[in-house]
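Computed from the coordinates by the stated procedures, all read-outs in this text should not be read as laboratory data. Keep in mind that what you see is a predicted model, and the values were worked out from it rather than measured. Glycine also receives a Cβ, built like all others from the backbone with ideal geometry; neighbour counts cover every protein chain displayed.
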Ligand SMILES: [Zn+2]
């Protein structure tokens with residue numbers, strides 16, 4: 001029997017005992033998250049807060065996006081929503097296939113976890129935690145509430161340090177630019 005290839009990475013941060021932090025990710029998981037990180041980087045190049053998301057079904061990308069509320073003039077244009085809309089447009093269906101996985105570089109907010117529940121995403125893997133307003137472990141865990149008719153399996157911490165450094169670097173540069181403009 002062929003063993004599933006695994007790679008060992010350091011978990012980023014354990015925020016809740018309800019959320020599993022796996023130290024063994026498959027090579028595919030790592031590769032999808034790296035693609036989500038490169039989408040986040042595209043966002044940063046457009047001066048958007050760098051968050052990227054990829055929706056995967058059957059080992060194929062069915063939707064992708066990065067956080068782009070400024071460029072799209074749309075408060076709802078978070079990476080997760082952009083990726084969901086991309087997939088639904090491509091599939092010409094408001095329903096996603098069963099067993100889709102969303103890879104996102106930052107813990108989802110209230111709006112995004114709501115949208116992921118409506119879309120019936122099966123699995124959510126996120127990189128960095130969002131301690132201030134994360135709704136999948138940091139402030140609350142909306143992914144597995146009994147009052148919804150769908151729950152999402154959540155894994156956190158894959159490439160968490162990488163994503164966290166990208167976000168910190170982005171905000172550092174932005175503060176510096178603001179300071180320079182005031183001079
Ligand atoms: Zn969001």
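Helix 27-45 sits at what angle to the longest principal axis of the chain, using alpha carbons and giving 0 to 90 degrees rounded to 10? It is inclined by approximately 30 degrees. Viscosity 1.002 mPa s, temperature 20 °C: Stokes-Einstein D of segment 31-80 from its Kirkwood Cα radius, in µm² per second? Calculated translational D: 199 µm²/s. Segment 121-183 and segment 49-69 have Cα centres separated by 14 Å.
Length available on full extension from residue 59 to residue 161: 0.36 nm per residue minus the Cα-Cα distance, which gives 34.2 nm. Computed from Cα positions, the angle between helix 160-182 and the longest principal axis of the chain comes to roughly 20 degrees. In degrees between 0 and 90, to the nearest 10, how far off the longest principal axis of the chain does helix 79-91 point, with axes built from Cα atoms? Rounded to the nearest ten degrees, it is 50. For residue 177 and residue 111, the FRET efficiency from 1/(1 + (r/R0)^6), where r spans their Cβ atoms and R0 equals 41 Å, is about 0.90. A Förster radius of 25 Å combined with the Cβ-Cβ distance from residue 153 to residue 85 puts the calculated FRET efficiency at roughly 0.65. Tell me the mean residue ellipticity at 222 nm calculated for the chain from its helices only (DSSP H runs of n ≥ 4, each -39500 (n - 2.57), averaged over every residue, nearest 500). Rounded to the nearest 500, the figure is -12000 deg cm²/dmol. Spacing of the modelled spin labels on residue 144 and residue 72, each 7 Å from Cα toward Cβ, amounts to 2.9 nm. Mean silhouette area of the chain, derived from the convex hull of its C-alpha atoms and averaged over all directions, reads 11.6 nm². Computed from the Cβ-Cβ distance with R0 of 41 Å, the FRET efficiency linking residue 98 to residue 168 stands at 0.65.
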